[in-house]
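Chemist: The structure follows.
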Amino acid sequence: MRGTLVHAVLERLFDEPAGARTLEAARALLAPCWADILAERPECADLVPDGDTTAWFAQAEALLATWFTLEDPNRLQPAERELVVRTDLEELELRGIVDRLDVAPDGAMRVVDYKTGRSPEPGYESGALFQMRVYALLLQRERGRTPALLQLVYLGDGTILRHAPTPGELAVVEQRIRAVWSGVRTAARTGAWEPRPSALCSWCAHRALCPAFGGTPPEVDPDAVEHATGVRPEAPAAVG
């Protein structure tokens, strides 16, 4: 939720005119942005014991301060903020929300995404960039032009990861998405939802229900499967 707060501040900061987009202005936005979050999701108040936001805001301020060392908002004029992008791949609708879209006078697009965590280790950038490539694909299909640059801004360690996508690699991304969706529909039809153990399992809160860890999965409601995938299971749905 701290990331949500920082994202909200960075979005609203650009409502200020160039020259007024300072770190002090960003700090001043923390309280009203947090109030907006609580109005929409009151349960988030539990994240701040006794309602004392001092430490909570201090951590957010540190991330904002890092951003100001990476970019100068007074030299930027985003074309879009929190831009919803979407496209249809036949029966599959893809949607995403782009944190910031910068458009040059010649129409070249830079897709920017803020991350409050740390940048990936060398050699692991591809996984981090997949989300950005999906955004690029959506923009390409919406606007008929491949974005010139994808930019991940990591506030956790003050790093910017940049990548210039090509039409060819976005075609590969589309093929991968179609393959994943085909696999989902096959699993929905057959009722066989196989576990896929990985290093991420250590973060999962549902291992007690996973066959890969000796658990017993709950029954899957066929109506819910059909609603989510458009496919009616041919057999009782199961996991594992």
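The values are calculated or read from the model by the stated rules, or taken from the named source; none is laboratory data. In this text the structure is predicted, and so the values were computed from the model without any measurement. Virtual Cβ from ideal backbone geometry, glycine too; neighbours counted across all protein chains shown.
Chemist: Looking at the structure I just gave you, is residue 109 at pLDDT 95 or above and under 20 Å from the mean Cα position of the chain (by Cα)? I'd like the intermediate steps shown before the answer.
Modeler: Details: at pLDDT 95 or above: yes; under 20 Å from the mean Cα position of the chain (by Cα): yes.
Here the answer is yes, as residue 109 does meet what is asked.
Chemist: Taking segment 27-52, which residues are aliphatic (A, V, I, L, M) and touching an Asp or Glu at 6+ places or on another chain (Cβ under 8 Å)?
Modeler: Residues of segment 27-52 that are aliphatic (A, V, I, L, M), as a first pass: 28-31, 35, 37-39, 45, 47-48.
Scanning segment 27-52 gives a single hit, 30.
Chemist: Turning to a different aspect of this structure: Under the condition of being farther than 21 Å from residue 132 by Cβ and crowded, with 16+ Cβ neighbours inside 10 Å, which residue from segment 54-89 is modelled with the lowest pLDDT?
Modeler: Restricting to residues being farther than 21 Å from residue 132 by Cβ and crowded, with 16+ Cβ neighbours inside 10 Å, the top hit is 56.
Chemist: So which residues in segment 187-199 are of a type in the set (A, V, I, L, M) and modelled with pLDDT under 85, if there are any at all? Can you show your working first?
Modeler: Filtering segment 187-199 down to residues of a type in the set (A, V, I, L, M) leaves 187-188, 192, 199.
Those that are of a type in the set (A, V, I, L, M) and modelled with pLDDT under 85: 187, 188, 192.
Yes/no per residue for (1) in contact (Cβ under 8 Å) with a residue 24 or more places away in the chain; (2) in contact with a Pro (Cβ under 8 Å, 6 or more places away or on another chain); (3) under 22 Å from residue 154 (Cβ atoms):
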site	(1), (2), (3)
25	no, no, no
30	yes, no, yes
39	no, no, no
42	no, no, no
47	yes, no, no
50	no, no, no
59	yes, no, yes
64	yes, no, yes
69	yes, no, yes
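Chemist: Return the residues of segment 200-224 that are in a loop (DSSP other than H, G, I, E, B), of a type in the set (A, V, I, L, M) and at pLDDT 85 or above; say none if nothing qualifies.
Modeler: Here is the first cut: in segment 200-224, the ones in a loop (DSSP other than H, G, I, E, B) are 204-206, 210, 214-221.
Applying the additional criterion that residues be of a type in the set (A, V, I, L, M) yields 205, 220.
Matches in segment 200-224: 205 only.
Chemist: Of all residues in segment 171-194, how many are surrounded by 16 or more Cβ atoms within 10 Å (Cβ to Cβ) and either assigned to a loop (DSSP other than H, G, I, E, B) or among the acidic types (Asp, Glu) (or both)?
Modeler: Summing the residues that are surrounded by 16 or more Cβ atoms within 10 Å (Cβ to Cβ) and either assigned to a loop (DSSP other than H, G, I, E, B) or among the acidic types (Asp, Glu) (or both) in segment 171-194 gives 2.
Chemist: Return yes when residue 197 is in contact with a strand residue (DSSP E or B) (Cβ under 8 Å, 6 or more places away or on another chain), in a loop (DSSP other than H, G, I, E, B) and either more than 20 Å from residue 92 (Cα to Cα) or free of Cβ contacts under 8 Å to residues at least 24 places away in the same chain (or both) and no when it is not. So that I can check it myself, show each step before the final result.
Modeler: On the way: in contact with a strand residue (DSSP E or B) (Cβ under 8 Å, 6 or more places away or on another chain): no; in a loop (DSSP other than H, G, I, E, B): yes; either more than 20 Å from residue 92 (Cα to Cα) or free of Cβ contacts under 8 Å to residues at least 24 places away in the same chain (or both): yes.
No: the conditions fail for residue 197.
Chemist: Would you check if residue 219 is within 23 Å of residue 83 (Cα to Cα) and either free of Cβ contacts under 8 Å to residues at least 40 places away in the same chain or not aliphatic (A, V, I, L, M) (or both)? Show your work before the answer.
Modeler: Details: within 23 Å of residue 83 (Cα to Cα): no; either free of Cβ contacts under 8 Å to residues at least 40 places away in the same chain or not aliphatic (A, V, I, L, M) (or both): yes.
Against the criterion (within 23 Å of residue 83 (Cα to Cα) and either free of Cβ contacts under 8 Å to residues at least 40 places away in the same chain or not aliphatic (A, V, I, L, M) (or both)), residue 219 does not qualify.
Chemist: Restricting attention to segment 63-79, which residues are among the polar types (S, T, N, Q) and not in a loop (DSSP other than H, G, I, E, B)?
Modeler: First, the residues of segment 63-79 that are among the polar types (S, T, N, Q): 66, 69, 74, 77.
Correct list: 66, 69, 74.
Chemist: For residue 30, which of the numbered conditions (1) assigned to a helix (DSSP H, G or I); (2) surrounded by fewer than 12 Cβ atoms within 10 Å (Cβ to Cβ) fails to hold?
Modeler: Answer for residue 30: the failing condition is (2).
Chemist: Out of 182, 119, 126, which single residue is closer than 23 Å to residue 82 by Cβ and either modelled with pLDDT of 95 or more or of a type in the set (Ser, Thr, Tyr) (or both)?
Modeler: Numbers: 182 fails: closer than 23 Å to residue 82 by Cβ; 126 fails: closer than 23 Å to residue 82 by Cβ.
Of 182, 119, 126, the one residue that is closer than 23 Å to residue 82 by Cβ and either modelled with pLDDT of 95 or more or of a type in the set (Ser, Thr, Tyr) (or both) is 119.
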